[in-house]
1. If you take the residues in region 312-330 that are of a type outside the set (Asp, Glu) and farther than 16 Å from SER284 by Cβ, which one is surrounded by the fewest Cβ atoms within 10 Å (Cβ to Cβ)?
2. Of all the residues that make up region 117-137, how many are open to solvent by 10 Å² or more (accessible area, probe 1.4 Å), within 16 Å of the ligand (Cβ to nearest atom) and over 16 Å from LEU216 (Cβ atoms)?
3. Please go through region 102-116 and give me each residue that is surrounded by 24 or more Cβ atoms within 10 Å (Cβ to Cβ) and either acidic (Asp, Glu) or more than 15 Å from ALA168 (Cβ to Cβ) (or both), ordered by number.
4. Name the residue, out of ARG395, ARG386, that is among the basic types (Lys, Arg) and either farther than 16 Å from VAL165 by Cβ or away from the ligand (no atom under 15 Å from the Cβ) (or both).
5. Give the number of residues within region 231-256 that are away from the ligand (no atom under 12 Å from the Cβ) and open to solvent by 10 Å² or more (accessible area, probe 1.4 Å).
6. Look at region 288-337 and say how many of its residues are of a type in the set (Asp, Glu) and within 14 Å of the ligand (Cβ to nearest atom).
7. When both residues are 6+ apart or on different chains and their Cβ atoms are under 6 Å apart, which pairs have a first residue that lies in region 228-250 and is more than 18 Å from GLY328 (Cα to Cα), and a second that is more than 16 Å from the ligand (Cβ to nearest atom) and of a type in the set (Val, Ile, Thr)?
8. If ALA356 satisfies every condition in (1) within 13 Å of the ligand (Cβ to nearest atom); (2) more than 18 Å from the chain's Cα centre (by Cα) but one, which is the exception?
Amino acid sequence: MKWISTRGASPPITFIDALFAGTAPDGGLYMPERLDALPPTTVDRLRGADIVEIGTTIGAHILRDEITPQVLQPLVREALDFQIPLVRVTDRISVLELFHGPTMAFKDVGARVQARLLHHFTDGTPLTILVATSGDTGSAVAQAFHRVPDSRVVVLYPEGQVSDVQEAQMASLGDNITALAVRGTFDDCQRLVKQAFADDALRSHVWLTPANSINLGRLLPQVFYYFLLAGLSSGGGRGPVVSVPSGNFGNLTAGLIARRIGLPVARFVAATNVNDAVPDYLESGRYEPRPSIATVANAMDVGAPSNFERVQALYNSDLEALRRDIVGAAYKDAQVTAEIASVYSQHGYLLDPHSAIAWLALKDHLADDQDSQGVFLATAHPAKFREVVEPAIGRRIELPRPLADALARPRRSVSMPADYAALEEFLRAAPNFQLPTPKA
Ligand SMILES: *Cc1c(COP(=O)(O)O)cnc(C)c1O
């Protein structure tokens, strides 16, 4: 099977090439040429299966002629070696906890599979993984690639705009991981990274690959965990309503792909903070990307979500079809912190700010849809955002071990202006970097 650009002006390529390429030459994002439905017996079999069986089955289905289940299975087993529990919060609402990986955020799922896919398909040529982050991507990618041979990670984050723990997780690893603290916004970081990928002169010296959620190596494994919801139903063969806390919309795109290949889902809820370009579009029909606004759910502070293009491609830009499958909802910081407190006192469940937005959007949706069961995705452990969570509930929360360890290590990030020349110079001059030999 081939992978095609959302903009339709680049030649179709194989998964392996798309994995290393990131963005297509026409500026679009790669999507599978076709998405075939799984046989219904396969969906039945996956009900109650663990993530390794699901990942092997779904991955091999989508990648069919490019990777065998035999190659995929050990890779998935090693990458996804942590729990992804489905927990009941009320009689109508469950939560899929995606945050039990090493950085305690859902991006571990994508990044850990991606690191192993890239390593599996390289031939020893040194590879630079270049990534812009508003917090969680960078820490997950850094952890996922830490000490992976022949690779280094260069991560750009907006200085002073990520949480203490996130910064510790990116800036304290050392070895093949460098954290660049950019004096600007997340959008600046994304712009610099895009510029580097568009710089052919640089790329003939440095073998670059991206790790943002635009990359297929991250997108694909996110499809897997949706099948952990295969056992939930709203009656009448309808699946649950699934609420997804969204920033760059990779997570929701993966959910839409899962549904397209056969997972029963009644509806998706696209839950955002005040960076609400997509909920706004669903309501008004006008898509207006804008500069990002800082919020308590900072991993979702994205004014111009890159994966929106994939969502549009899946629906052929048919707004009415999109509206049937996805409802949008956006929340302000004060609503988020109040809800963290109220859910904690009413249900004894502690939400991080991102997951709280998904919960809020689901709760509001289910109030108008009495027949459905709901599930929301929890994308970060509350301790990762204790600056927000502790004042909301009025008590301290204990730091889980992986976070405490990261905070205890010394940090050494490099401060950098939001200026492409500085990034280029850094990438060219970085120590211990050998010239890549061209791939055959
Ligand atoms: C990245 C992230 C999100 C947003 O996911 P997208 O795929 O970018 O929409 C939500 N919550 C947390 C904690 C994240 O790190």
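The values are calculated or read from the model by the stated rules, or taken from the named source; none is laboratory data. Values in this document were obtained by computation on a predicted structure and should not be read as measured data. Note: ideal-geometry Cβ built from the backbone for every residue, glycine included; neighbour counts use all protein chains shown. Remember, those area values only see protein heavy atoms, side chains included, never the ligands or the DNA or RNA. Shrake-Rupley method; radii C 1.70, N 1.55, O 1.52, S 1.80 Å.
1. At the first step, the residues of region 312-330 found to be of a type outside the set (Asp, Glu) are 312-317, 319, 321-324, 326-330.
After this cut, where a residue has to be farther than 16 Å from SER284 by Cβ as well, the list is 313-316, 321, 324.
Working: ALA313: 20, LEU314: 20, TYR315: 17, ASN316: 8, ALA321: 12, ARG324: 11.
This residue is ASN316.
2. Within region 117-137, the first condition is being open to solvent by 10 Å² or more (accessible area, probe 1.4 Å), and the residues that meet it are 119-124, 126, 134, 137.
Remaining after also requiring within 16 Å of the ligand (Cβ to nearest atom): 134, 137.
Remaining after also requiring over 16 Å from LEU216 (Cβ atoms): 134.
So the answer is 1.
3. Taking region 102-116 first, the residues surrounded by 24 or more Cβ atoms within 10 Å (Cβ to Cβ) are 103-115.
If the condition is that a residue be surrounded by 24 or more Cβ atoms within 10 Å (Cβ to Cβ) and either acidic (Asp, Glu) or more than 15 Å from ALA168 (Cβ to Cβ) (or both), then PHE106, LYS107, ASP108, VAL109, GLY110, ALA111, ARG112, VAL113, GLN114, ALA115 are the ones that fit.
4. Values: ARG386 fails: either farther than 16 Å from VAL165 by Cβ or away from the ligand (no atom under 15 Å from the Cβ) (or both).
Just one listed residue meets the conditions, ARG395.
5. 8
6. From region 288-337, those of a type in the set (Asp, Glu) are 288, 301, 309, 318, 320, 325, 333; that's our starting set.
Add one more test, that the residue is within 14 Å of the ligand (Cβ to nearest atom), and what stays is 301, 309.
Of the residues in that region, 2 qualify.
7. Pairs that qualify, where the first residue is more than 18 Å from GLY328 (Cα to Cα) and the partner is more than 16 Å from the ligand (Cβ to nearest atom) and of a type in the set (Val, Ile, Thr), are GLY239/VAL265.
8. If we test ALA356 against (1) within 13 Å of the ligand (Cβ to nearest atom); (2) more than 18 Å from the chain's Cα centre (by Cα), just (2) comes out false.
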